[in-house]
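Written below as structure tokens is the structure these notes are about.
The values are calculated or read from the model by the stated rules, or taken from the named source; none is laboratory data. A quick note: this is a predicted structure, and the numbers were derived from the prediction, not measured. Backbone-built Cβ (ideal geometry, glycine too); neighbour counts: all protein chains shown.
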Amino acid sequence: MATQESRQLDGSLRPSAQTEPAPGAIITAGAAKFLAVFRVVLGFEFLWAFLDKTFGFGYATPSARAWINGGSPTKGFLGNVAVGPFESTFHAWAGAAWADWLFMVGLLAIGVALILGIGLRIAAVSGTLMMLLMWAAEWPLAKFTSAGEPSMSTNPIVDYHIIYALVLIALALTYAGHTWGLGKRWAKLPFVRRNRWLI
């Protein structure tokens, strides 16, 4: 199969965009576009959770329990934890103002970062921490709740929280914000160039 090639700055030949990826290339153009779509979809998942808990659209959160109506975004989930070694800790956190604010700011910031393609490293770290805490709250390792009922865990280790965390990390590592996002512009900002952990 014939391939078109062009010269790089160092004079070496580089395959054109229509050919197979260069040796050592990991992400193809098609994969980069797929990751961009995946990034936006996952970002909307976080953003929707924030919006629904804030305004109570009637999906996971009824209007009466919306945050703007005095409801607590953490009370229902953490207050109903009935399994695992951190059960009492999560009960103590349930409904606390600091827990509500951290959770909601986290959902909003992660969602916006993913949709815009900026700050993916911070989104990956904070999102992974959030997912690990939620995993610990559900504690899929247990077969039974503290009341002796079946926990309904379908997998003792890997659940959707772990998968979300791994996806967040993968999106950050592959610079998924550079395709159909503001990642490239974000990375060129002076304060981001001085603080590379903000990429």
Q. For TRP101, which of the numbered conditions (1) part of a loop (DSSP other than H, G, I, E, B); (2) under 20 Å from ALA49 (Cα atoms) fails to hold?
A. (1)
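For (1) under 30 Å from LEU189 (Cβ atoms); (2) surrounded by 15 or more Cβ atoms within 10 Å (Cβ to Cβ), each residue gets a yes or a no:
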{"residue": "GLY95", "(1), (2)": "no, yes"}
{"residue": "MET104", "(1), (2)": "yes, yes"}
{"residue": "GLY117", "(1), (2)": "yes, yes"}
{"residue": "ARG121", "(1), (2)": "yes, yes"}
{"residue": "LEU129", "(1), (2)": "yes, no"}
{"residue": "THR145", "(1), (2)": "no, yes"}
{"residue": "ASN155", "(1), (2)": "no, no"}
{"residue": "VAL158", "(1), (2)": "no, no"}
{"residue": "ILE162", "(1), (2)": "no, yes"}
Q) ILE157 passes all but one of (1) in a helix (DSSP H, G or I); (2) over 21 Å from TRP48 (Cβ atoms); (3) of a type in the set (A, V, I, L, M, F, W, C); which number fails? A) (1)
Q) Does any residue in region 126-148 that is under 22 Å from ALA109 (Cα atoms) and β-branched (Val, Ile, Thr) come within less than 8 Å, Cβ to Cβ, of a residue that is buried (at least 19 other Cβ atoms within 10 Å of the Cβ) and modelled with pLDDT of 95 or more six or more places away or on a different chain, and which pairs are these? A) THR128/ALA165; THR128/LEU168
Q.
If a residue must be surrounded by fewer than 17 Cβ atoms within 10 Å (Cβ to Cβ) and either under 17 Å from the mean Cα position of the chain (by Cα) or of a type in the set (Gly, Ala, Ser) (or both), how many such residues does region 170-180 contain?
A. 2
Q: Could you list all residues from region 134-152 that are outside any loop (DSSP other than H, G, I, E, B) and either over 13 Å from GLU87 (Cβ atoms) or of a type in the set (Asp, Glu) (or both)?
A: MET134, TRP135, GLU138, PRO150
Q) Which of the residues belonging to region 6-59 are of a type in the set (S, T, N, Q) and modelled with pLDDT of 65 or more? A) THR28, THR54
Q. Exactly one of (1) farther than 30 Å from THR28 by Cβ; (2) without any contact (Cβ under 8 Å) to a residue 60 or more places away in the chain is unmet by LEU166. Its number?
A. (1)
Q: With respect to THR3, determine if the residue is at pLDDT below 95, closer than 24 Å to HIS178 by Cβ, of a type in the set (Ser, Thr, Tyr) and assigned to a loop (DSSP other than H, G, I, E, B).
A: no
Q.
Looking for something on the phi > 0 side of the Ramachandran plot, surrounded by fewer than 16 Cβ atoms within 10 Å (Cβ to Cβ) and part of a loop (DSSP other than H, G, I, E, B) - is there at least one such residue anywhere in region 66-87?
A. yes
